[in-house]
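To start, the structure itself, in structure tokens.
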Amino acid sequence: MMQWLLILALIVGIYYFFIRKPHRKESPKKQEEIMVECEKCGIYVSSKEAIIQSGKYYCSKECCLK
Ligand SMILES: [Zn+2]
């Protein structure tokens with residue numbers, strides 16, 4: 001009997017997951033957070049923290065300046 005409740009909860013969960021998805025587009029967060037590789041040292045940093053210079057990503061100012 002409990003198994004059916006779990007399956008039902010799972011279906012409802014999946015249902016809400018797909019229903020909610022389109023609403024994410026309306027969020028004010030424009031920039032997606034992606035992982036980018038530092039041009040200098042190869043460390044992966046999030047695009048938010050990375051320094052972009054002449055179209056290349058750097059993990060820190062030190063890598064950027066060198
Ligand atoms: Zn670096």
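The values are calculated or read from the model by the stated rules, or taken from the named source; none is laboratory data. Treat the numbers as computed from the prediction; the structure is a model and nothing was measured. We place every Cβ from the backbone using ideal geometry, glycine too, and count neighbours over all the protein chains shown. Only protein heavy atoms, including side chains, enter the accessible area calculation; ligands, DNA and RNA are left aside. Shrake-Rupley method; radii C 1.70, N 1.55, O 1.52, S 1.80 Å.
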Original post:
In the stretch 30-51, what residues are closer than 18 Å to GLU62 by Cβ, hydrophobic (A, V, I, L, M, F, W, C) and without any contact (Cβ under 8 Å) to a residue 24 or more places away in the chain?
Top reply: VAL36, CYS41, ILE43, VAL45, ALA50, ILE51
Original post:
For LYS40, are the conditions met, namely being open to solvent by 100 Å² or more (accessible area, probe 1.4 Å), in a loop (DSSP other than H, G, I, E, B) and modelled with pLDDT of 90 or more?
Top reply: yes
Original post:
Restricting attention to the stretch 43-66, which residues are surrounded by 17 or more Cβ atoms within 10 Å (Cβ to Cβ) and assigned to a loop (DSSP other than H, G, I, E, B)?
Top reply: ALA50, CYS59
